[in-house]
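In what follows, a single structure is set out as structure tokens and then discussed.
Every number in this text was worked out from the coordinates using simple rules, so none of it is lab data. These numbers were taken from a predicted model, which means no experiment stands behind them. FYI the Cβ positions are ideal-geometry reconstructions off the backbone, even for glycines, and counts take in every protein chain you see.
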Amino acid sequence: MVIVTTPRTNGGPDQRPGGPTLEVPRYRSGRGRPRWVSIPLRFLVPALLVVVWWIGSATGAIPEEILAGPPKVWTAFAELYQTGQLLDFSIASFKRAALGVLFGVVIGLVLGVISGLSSLGEELVDSTMQITRAVPFLALVPLFIAWFGIDETFKVLLIAVATVAPMYAYTYLGVRNVDRKMVEAARSFGLTGSRLVFEVILPSALPGVLMALRICLSISITGLIAAEQVGTREGIGYLVTLAQEYNRTDYMVLCVVLYAVLGLIFDGAVRIIERFSMPWRGQVAAR
């Protein structure tokens, strides 16, 4: 039985005598909250944690010997800023992390594409990358020191090794999950070789690649902390070492804040890339 309905000009339900009642579906807009509401919500929980921390330090519930309060951390920040060390140390750490992530991401991306495109590439690359992924990169610190010394090469390579495995894994899965019908359609239009990879396969795998980039940037902070604990005269890790030697909890907390800020900068960069490269993707499934 076919039910024939006639649309109503006023958008109301079709209520025929003796027939089914059909209601016009409600349109759900894809627009989210206004930006002036969304941005404060992102910082609400961190702000509450800072308030609790401040109150606990002011009332003595959190001893200063265990965790310095926000006023002392701010004083330590002002001291380092006035001497110029804060900017120099932050730039040094940022350069190490950026170079390590660059090398690790490029190598992992290339190997992931090679392994995901062909069975021969998977046979040649995947087993080695799985071994690399299974070995904790922190276990390689003594070997890297013996091979490359304690200069910048050791630090950059350690961060690169830490980030290459996540980029490879997510790129491999992204390439393998590309719809085969879309690839065949692209080939029927004459796209082959590098054009097929850069114009069809990589754009389709872009969500997985960007997720891998976000994970790699987070792991790079861990690699940076490990790398800057050895043979460093500048950087946030060197500041952590000094704080441990002199038992300055205010400097220790300041270093944690600096690492958090560095992570926020990396995450913000990935969000900007996502916004411009995938404008069609919504932020959440349901609002």
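Electrostatic tally near residue 85: other residues with Cβ closer than 12 Å to its Cβ, Lys and Arg +1, Asp and Glu -1, net -2. Here the Kirkwood formula puts the hydrodynamic radius of region 67-277 at 18.9 Å, using every distinct Cα pair. Subtracting the Cα-Cα distance of residue 94 and residue 199 from 0.36 nm times their residue separation leaves 34.6 nm of extension gain. Taking 0.36 nm per residue of separation and subtracting the current Cα-Cα distance, fully stretching the chain between residue 119 and residue 273 would add 52.4 nm. For region 142-224, the square roots a ≥ b ≥ c of the C-alpha gyration tensor eigenvalues yield an a/c of 1.5 or more together with a/b exceeding b/c, which makes the shape prolate.
Starting from a Cα-only point model with no solvent, please compute log10 I(q)/I(0) by Debye for region 211-257 at q = 0.16, 0.17 1/Å. For the requested q values the scattering log ratios are -0.47, -0.52.
Expressed in nm to one decimal, what extension gain is obtained for the pair residue 245 and residue 179 from 0.36 nm per residue of sequence separation less their Cα-Cα distance?
18.2 nm
Relative to the 2.2 N^0.38 Å rule of thumb, region 55-185 has a C-alpha radius of gyration ratio of 1.57. Averaging over all projection directions, the Cα-based convex hull of region 55-103 occupies 4.7 nm² in the image plane. Here the scattering of region 184-276 is modelled by Debye summation over its C-alpha atoms, one equal scatterer each and no solvent; at q = 0.11, 0.12 Å⁻¹ the log10 of I(q)/I(0) is -0.51, -0.57.
For region 142-152, the Karplus equation 6.51 cos²θ - 1.76 cosθ + 1.60, evaluated at θ = phi - 60°, returns couplings of x, 5, 5, 5, 5, 7, 10, x, 10, 7, 5 Hz by residue, with Gly and Pro reported as x.
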